[in-house]
Amino acid sequence: MASSRTQHLGGGGNTSTDLTAAKNAKKDEFYTQLTDIEKEMMYYRDHFRGKVVFCNCDDPEESNFWIYFRDNFEHLGLKKLISTHYEEGKKSYKMELTGARYEDGVLNFDNFITTPLDGDGDFRSEECIEILKEADIVVTNPPFSLFRPYLTQLMEHGKKFLIIGNINAATCKEVFPLLMYNKMWLGASIHSGDREFRVPDDYPLNASGCRVDENGVKYIRVKGVRWYTNLEYEERHEDLILFKRYNPEEFPHYENYDAINVNSTKEIPVDFDGVMGVPITFLDKYSPDQFEIVGMTENMDAYGMKTKVYTSQECKDAYFAKFGKKGTYDLNASGILIINGFREKTYRRILIKSKH
């Protein structure tokens, strides 16, 4: 089975034990399945006509990204397809495709060009950056552990992109402002659950969610996978249907933010016009026409939303009250609720306001 080769080097904010195991075993290859690429690409086909597509973490001998764009070259109206990939300790190569046509119902390809690279194909190398400058749209599954610098590079060069990452990357200081200011958003096809990736034959299957098929091919399921993109699609502007009404018992107010806590996206109150703290997975349903993102509960108060900063002694007292022993409960890292007289941390929340 063909697959998309990607230079994965570990977690990069992903709490999945699968990725931790990959890092510990120094594995660097996960393989994206063609069906996952097809399901996402159906929302963006009009964006690609006359464009140069660059898959800069993909060996065309393995890559389902290359296969998808090669086989749909004429249908999408591409100008050029380029692929480069990382070869640890070796010199890599660039492959280009500049034409495809149907003859008697058979797809024929024109002008495959393979060019040796001077280096190992790292996306950060000068020669790969020069190729990036030629591209209009980048589509790939970048290394999870290098997701932040990878994304920063794309933004610095003003590129359109459709890439795979982990939902937890959304809270990183380099990533969240892009979501907050509507410079990037989550893709259309993955909104929950996990996704299966093929892994190399020598990958140790020592975590849950692993399997080996009848041909001996190994797969592992990775939690929290999402598409990140700055390509527009109509569905992201559809309002989330809300039905809950606000009441202070169900939606308590934080002690350290002028906002209420909402435990799940579907429970966002339809009649509350103040700031609300919602789970990170809200981004799956976020319509910029319906809501405004105003910040996030986090330690450094980067968005100027905190109304209280806890002292070191307060953090120690909260830990003792909760666990009955000495320690420090980092109250400044999240929204704090008063429950049964005790200070309790919530999971990290995105702070939003309704536009309606």
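The values are calculated or read from the model by the stated rules, or taken from the named source; none is laboratory data. Everything numeric in this text was worked out from a predicted model, so none of it was measured. Note that we place each Cβ from the backbone using ideal geometry, even for glycine, and neighbour counts take in every protein chain shown. For the accessible areas, the whole protein counts, side chains as well, though only heavy atoms, and no ligand, DNA or RNA atoms are used. Shrake-Rupley method; radii C 1.70, N 1.55, O 1.52, S 1.80 Å.
Here are some notes:
- Using a cutoff of 8 angstrom between alpha carbon atoms and counting only pairs six or more residues apart, the relative contact order for segment 102-184 works out to 23 percent.
- The calculated Kirkwood hydrodynamic radius for the chain is 22.3 Å, given to one decimal from all distinct C-alpha pairs.
- When the listed pairs 322/345; 223/266; 80/159; 79/133 are checked against a 18 Å cut-off, the alpha-carbon distance exceeds it for 223/266.
- Note: relative contact order over the chain, using C-alpha pairs below 8 Å and six or more positions apart, is 14 percent.
- Mean sequence separation of contacting Cα pairs (under 8 Å, at least six apart), scaled by the length of segment 216-330, corresponds to a relative contact order of 21 percent.
- Among the GluC sites (Glu not before Pro) within segment 52-113, those in coil by DSSP and having at most 15 neighbouring Cβ atoms inside 10 Å are 61, 88.
- Positive-end ranking of 166, 329, 276 along the dipole of the chain, with charges on Cβ about the Cα centre, is headed by 329.
- Binned Cα-Cα distance frequencies in segment 141-280 - 10 Å width, integer %: 10, 29, 30, 22, 8, 1
- Surface composition of the chain: carbon and sulfur atoms hold 48% of the protein heavy-atom accessible area at a 1.4 Å probe.
- Each listed q (0.26 Å⁻¹) maps to a log10 I(q)/I(0) for segment 56-133 from the Debye sum over equal C-alpha point scatterers, namely -1.22.
- Rounded Å value of the spacing that divides the Cα centres of segment 227-266 and segment 157-210: 21
- Comparing mean-square fluctuations of 83, 208, 145 from a GNM of the chain with C-alpha springs under 10 Å, the top value falls on 208.
- Kirkwood-Stokes translational diffusion coefficient of segment 218-356, alpha-carbon pairs, 25 °C, 0.890 mPa s, µm²/s: 147
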